[in-house]
């Protein structure tokens, strides 16, 4: 067997609890963290990784047997250190484990560190794992994964290489994870939340039955200057006051490349300009909306201040007329 | 072990409806679990014309797959019951709506 180095994991540190925390405190902390980082709920960008780490830490700390054994590794270890389990470290302990009980996440495997201590195999049989396997033929399970693409990929189509951790049952009945890299075509016109079905790329069938399918859910990368609603795409476009007042031709980025946009004179902030059919392409393409914003140049130089002063003199303008004050 | 393949998937049509059996298979849940989710108001299947009461005629919008999976994950990972998961799903929907309007 190949000896690989792995990092020591400080489970107390990961959960943010003291080493002498009670089982109750650990449970409460886990519940809080699970709600915070649950991938279906969380707004945090690294939610899935965090959720997995916290779940692994809880798997050990919630179980008095595993926790005691973990504590016996000693306190000389620090998070991130290279780690080899000392020989015979688990003498006197028996990890009855077996299945997962309530409360543990199921996001593929645990870390190498965890598996070096508590063995592998039992951590994968969550509700998404093999279930009801019987003597007859049964079609493989459908698998689900998320793939993050740029909005531009939806305009042009793209290829994405994705790596999936797939639980697999080996010939002798053990469960292992296998990394699988797939090169997937992202079809033109995909929308947020839409699914791409890859036939027969899911779990293997049992008893010679066909494999399940793999569903990839499209998620647009969140750090984009655009907002997307269905097939429509929105962009906030800052304008100088004189551009909005006098009208202008300005360069505007779109996911399909930049265009020249004519801003009509007397445009107010918040006005929407619609570019028909320049949203996400489809039989009936979405529209591209430019939402005008007015950026105020600072009055930080004498000459600029003078211009504002002059506007103040020359305009008879009450921006709060609608407030009737 | 790494395998390299180039795959062209099929875009799942957003107007697709699937049967109760397909939904159960896709989410690895039992029929009874889905029926309870319908009773809880988490899912709203279209009912076939012929036999309005028959579960077998139910058709679920394709988005139900994600809903069921999320409901299952929330219950399992957060130790909450189904009404709690239903509330979380409704709030998640509201957050999604608000984000769009932002």
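The values are calculated or read from the model by the stated rules, or taken from the named source; none is laboratory data. As the structure is a prediction and not an experimental result, all values here were calculated from the model. Glycine gets a Cβ as well: all are built from the backbone with ideal geometry, and neighbour counts include every protein chain shown.
The table below lists the values:
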read-out	value
Residue ID - nearest to residue A:143 (Cα to Cα), chosen from residues in the stretch A:211-225 that are more than 9 Å from chain B (Cβ to nearest Cβ) and part of a loop (DSSP other than H, G, I, E, B)	A:211
Breaking point among (1) at pLDDT below 90; (2) within 26 Å of residue A:48 (Cα to Cα); (3) more than 11 Å from chain A (Cβ to nearest Cβ), for residue B:47	(2)
Failed condition for residue B:73, given (1) at pLDDT 90 or above; (2) more than 14 Å from chain A (Cβ to nearest Cβ); (3) under 23 Å from residue A:142 (Cα atoms)	(2)
Residue in the stretch A:286-293 that is surrounded by 17 or more Cβ atoms within 10 Å (Cβ to Cβ), over 28 Å from residue B:12 (Cβ atoms) and away from chain B (no Cβ under 14 Å) present	yes
Condition broken by residue A:282, with the remaining ones in (1) modelled with pLDDT under 95; (2) loosely packed, with under 14 Cβ neighbours inside 10 Å; (3) in a loop (DSSP other than H, G, I, E, B) satisfied	(2)
Helices (runs of 4 or more DSSP H) fully within the stretch B:25-102 counting 2 or more residues that are exposed (fewer than 13 other Cβ atoms within 10 Å of the Cβ)	B:31-39, B:82-101
Of all residues in the stretch A:226-269 being within 14 Å of chain B (Cβ to nearest Cβ) and outside any strand (DSSP E or B), the one that is nearest to residue B:23 (Cα to Cα)	A:230
